[in-house]
Every structure is written in C-alpha cells, then in structure tokens.
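Presented below is the structure to which this report refers.
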Amino acid sequence: MRIRLDLAYDGAGFHGWAAQPGLRTVQGALEAALATVLRHDDVAVTCAGRTDTGVHARGQVAHLDLPDGLLEAAAGRAADAPVDALRRRLNGLLDPDVRVHRVGVAPDGFDARFAALWRRYVYRVVDDPAAVDPLTRGHVLAWPRPLDVGAMDAAARGLLGEHDFAAFCKRREGATTIRTLLDLRWERRDGLAVGTVRADAFCHSMVRALTGCLLAVGEGRRDTGWPATVLGAGVRDPAVTVAPAHGLTLEEVGYPADEDLAARQRETRTVRTL
C-alpha cells in the first residue's frame, strides 16, 4: 500500500529535508514519528521536492510504502478511519514546526517525486524599512534598498521555457540541469515584493540563485538583460548571489489526473537533453 502525505513545516529549525546523521531534518523527524506510530522500523519517505536548510513548505507532498494490513493494525480500535488516525497520531508526536495536513491511500502510479508535473515556490521580500515586521522575519527577507519590481519581472521573462540552468544550479554527478521554467514573475503584494516561480523540477539552489540574480536587477546594479546572459553562458557566475533561504517557501506541487500518473513517471525518469 502506498500512502500519500501532505505536510507543511517551518524550515528554520531543520537542516533541510533530506535525512542526515546527527542533524535534525524534516525527513528524519517524519520517519521517526512514522516508525513509532506504525510500530514498524522500515519506514522510508520520498518527497516531491527536497528543500534546503532553512527553506519552508506549505504544500510539500511525500509518499511511503507499507506492507498490507500494517496501517489498519496500527490504527487498532480508533474510531476514525486508519488514514485519519495516522494523521492525528503523527501530529501528536511531531514538534509544532511540522504538521501533516492530509493522509490518504495513493492511487496506482503515484510517486510524490516522479509523478509531479510542477512545483511552485514563492519568495517574499520587504524592501521598505518602515514596513519591516519583526513578526514575519522568519519567512520574509528584509532587503536594505528599494527594488524595482517591474524591472525584475521584465528580466524574469527572459528565463522562461526549457533551458540548461547550469548557471543557476550546483551540479551533481550524473544529474541533468535541464529544466522547464513554466512561470517566473515578480509583483507587489501587500507591501511586499513577491516572486513566484513554477517549474517541472528544480536543481539544487536554483530558485535562490534565480532570486539573487533578479534582486541585483531590482536594485539597479544590473540591467534587465543580464539574467538571460548569465543563463546563456551555461556556467555558474560568481556575480550571482544565492538569496537567503528563509525567504523561500514551497507552496504547491501539481500532479496529473490519476490515469496519467504512470505515464508521467516514465517521462520524468528519462534523462533530458536539449
């Protein structure tokens, strides 16, 4: 049986998603809670997007596989459905900075990572000293200079589409850096400069590198054509600063209709070339 989990977390207290020996991570905390609730040691969770240290999530999706009958046995005599009992008990064990919102039996072909069509992140910046709110400092970046959001949005349009984003990624052995950027826009919203980015997938540090590049445009240090020039070079540019993690939140992951999940998995697992 494959189980889907929808969860949210404040990334400030975690060393990212992926389990690491001796460090507190979202995956580590979730797997430990699952092992306790299910009374089963062999618990492995796969997520849609492995967030970096300090990055938050409102719409993270994960899955795990369980032997038949284990979920019902763990629920025991609980009055609610086994999946609801699992959600309730997990939240009773997990610290308050991570919450499981939904638990359900996944349809055939579902894979939290490989069946996803896209991931949507939002980066939030306050660039008016009078508007800096200490109560939101954990998820909004305070920028010391005013930003031209219109220039940032114009520069972002030059990055849309399928490209090799090696200029904005940390390369990993055997992994491709080809991605399709479906949406990248900046706007003013409730006094903040808000960047929304959506792609079929992201490589390591890609969103924060894109944001850092566009912040340089917003404060006038670079022209609107510079991000596209960096992209075209195909190598990391030391002039591109990776934006701080705490301003970034994984908001949503999109999946196809149930009947298309398996086909989407096959497509995603194929290593892309341009």
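If R0 is 22 Å, the Cβ-Cβ spacing of A175 and D41 corresponds to a FRET efficiency of close to 0.15. Taking H139, H163, H40 in turn, the Gaussian network model of the chain (Cα-Cα springs below 10 Å) assigns the largest fluctuation to H40. Relative contact order for the chain: 24 percent, from Cα pairs under 8 Å spaced at least 6 residues apart, divided by residue count. For the stretch 2-105, the relative contact order is 40 percent, taking Cα pairs closer than 8 Å that sit 6 or more residues apart in sequence and dividing their mean separation by the residue count. A dipole drawn for the stretch 118-254 from +1 and -1 charges on Cβ atoms has a positive end, and of A156, T136, T241 the residue lying farthest that way is T241. Both radii were evaluated on the Cα set of the stretch 2-105; the Rg over Rh quotient, with Rh as the Kirkwood radius, amounts to 0.95. Note on the chain: with a GNM built from Cα contacts shorter than 10 Å, the maximum mean-square fluctuation among A142, A73, A19 falls on A73. Computed over neighbours whose Cβ is under 11 Å from that of R269, the net charge equals +2, Lys and Arg +1, Asp and Glu -1.
For the stretch 92-205, a Kirkwood hydrodynamic radius built from all Cα pairs, placed in the Stokes-Einstein relation at 25 °C and 0.890 mPa s, yields a translational diffusion coefficient of 144 µm²/s. Of the beta bridges in the chain, as assigned by DSSP with both residues counted there, near 90 percent are antiparallel. How far is the Cα center of the stretch 43-92 from the Cα center of the stretch 168-196, in Å? The stretch 43-92 and the stretch 168-196 have Cα centres spaced 28 Å from each other. Over the chain, dividing the summed -39,500 (n - 2.57) contributions of all DSSP H runs of at least 4 residues by the number of residues returns a 222 nm mean residue ellipticity of -7500 deg cm²/dmol. If you wrap the Cα atoms of the stretch 173-274 in a convex hull and average its projected area over all directions, you get 8.5 nm². Taking only Cα atoms and a 10 Å spring cutoff, compute GNM fluctuations for the chain and point out the largest among P227, P67, P244. Sorting by GNM fluctuation, first place goes to P67.
Per residue, the Cα convex hull of the chain amounts to 145 Å³.
Taking the Cα centre of the chain as origin, sum charge times position over the Cβ atoms of Lys and Arg (+1) and Asp and Glu (-1), and report the length of that vector in debye to the nearest 20.
Details: 35 positive and 36 negative charges, 88 e Å.
Computed about the Cα centre, the dipole is about 420 debye.
Our coupling estimate for the stretch 111-122, obtained by passing each phi through the Karplus curve with A = 6.51, B = -1.76, C = 1.60 and θ = phi - 60°, is 9, 4, 8, 7, 8, 5, 7, 6, 10, 10, 10, 10 Hz, Gly and Pro reported as x. Compute the signed sum of charges (Lys and Arg +1, Asp and Glu -1) over the other residues within less than 13 Å, Cβ to Cβ, of G191. That works out to -2.
Work through the residues other than R50 whose Cβ is under 13 Å from its Cβ and net out their charges, Lys, Arg +1 and Asp, Glu -1. Computed value for this residue: +3.
Read-outs throughout are calculated quantities, based only on the coordinates presented, and are distinct from any laboratory measurement. Remember, predicted model here, so these are calculated numbers, not experimental data. When we count neighbours, we look across all protein chains shown, and the Cβ atoms used for this are built from the backbone with ideal geometry, even at glycine.
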